[in-house]
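Just so it is clear, none of the values below were taken in a lab; they were calculated from the coordinates. Please read all numbers here as calculations on a predicted model, not as lab measurements. Positions of Cβ are backbone-derived with ideal geometry, glycine not excepted, and every protein chain shown enters the neighbour counts.
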């Protein structure tokens, strides 16, 4: 396995240029799918390699469950680099699993709690649930069937046309099952922190995707832009929504969404790429993902072979 | 700590109700798993069953489990801050009335779910995220642009 087993741990860095550029140059639908696929693959490869390193690490611990032949000097010699790294990998892998478990747990818990709150609402059932609340909020609650949850304050700050835009936006989230992309990239970022920018990029591109769907559904890009902008300004007034650190922030997601909606519809084509930058970033991400997949495959095969040799069966 | 906490407390209880700045940890006997939110919902449900103003003592009697009187007061004060209950002074203490109907209670529950979310790690992706001060200006400029176009 040699040095190849380490590659998938750092190759997620190759996805960063495409994560940055996808948002400017790709249709949000393509961007979401591409980034989620790349992120998931890289995270899986990274975790597989961690697992392999961990197996080597446990081999050095007394009382490990591996067969006795594993401790043979020949076998040790076949996995030269990984002795110390293996022990470190045990800790890292445990941390990855704990973090992923916590993320899944939080998802399940939040959805159950939101569903319970929804069920306690007396007026049932409608695809849009309106809660009497002075704080403006709106979101899509996935489930069977999924529901759009809106507060009265949010509804009141928008015009009739903008309300339709808001509901169309949230319904687009439900129809395209955006929560799956979000969860996949959140887990990927837990598995390898280098993938954190990918998670942020997917969170943004799913919002843009829903904006575009809403604009198409109601046939008015400017109404969607107005809904996003007004809702954000209105929500900004409520003290609870104050951002934690803001002073040096780059242009935030909301102005970018509104600006994008004031532009014409983005092109849906993925090929040929719109610029040389995108083509290069795409190439880097593709090569990174492929090398990552091949390295983890190579490491897996090597490990299975060693294990096979070392086991007296 | 008591006095410092009381000065931060948004509501000035009458002296005999002097409440320590109670979080869930203030009452050692209470199991940790019963969250603040659940208690608020319980208190509100009891208050709604009163069909009129009720004292904190009445609420305490009608609650399941043995909550301390001060805890009940704390929860009622918190509900008052959220405009879920109203209160009127009666002698040396207050009487409390539920201001929320069933939908209001549901909204309280939903808000609690959302309040637990952080922007970066949100499970329930909201329509709009937080704005930075710079964003606010940019956004106003962009929106002004849309209305100008409307007027053309």
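Quick notes on this one:
- Rh (Kirkwood; distinct C-alpha pairs) - the stretch A:164-235, Å: 12.9 Å
- Backbone N within the stretch B:76-116 under 18 Å of label point (7 Å from residue A:123 Cα along the Cβ vector): B:100-111
- Viscosity 0.692 mPa s, 37 °C: Kirkwood-radius Stokes-Einstein D of the stretch B:55-110 over Cα pairs, µm²/s: 275 µm²/s
- For the pair residue A:161 and residue A:308 in one chain, pulling the backbone fully straight at 0.36 nm per residue adds 46.3 nm over the alpha carbon distance.
- Distance between the modelled labels on residue B:89 and residue A:280, one decimal in nanometres: 7.4 nm (7 Å Cα→Cβ projection).
- Straightening the chain between residue A:99 and residue A:290 buys 66.2 nm, computed as 0.36 nm per residue apart minus the Cα-Cα spacing.
- In range of the label at residue A:251: residues from the stretch A:186-225 whose backbone nitrogen is under 19 Å from the point 7 Å along Cα→Cβ: A:200-212, A:221-225
- Scattering from the stretch A:1-58 was approximated by placing one identical point on each alpha carbon and applying the Debye formula without solvent; log10 I(q)/I(0) at 0.22 1/Å stands at -0.81.
- For peptide B:98-110, the mean count of partner chain Cβ atoms within 10 Å of a residue's Cβ comes to 6.
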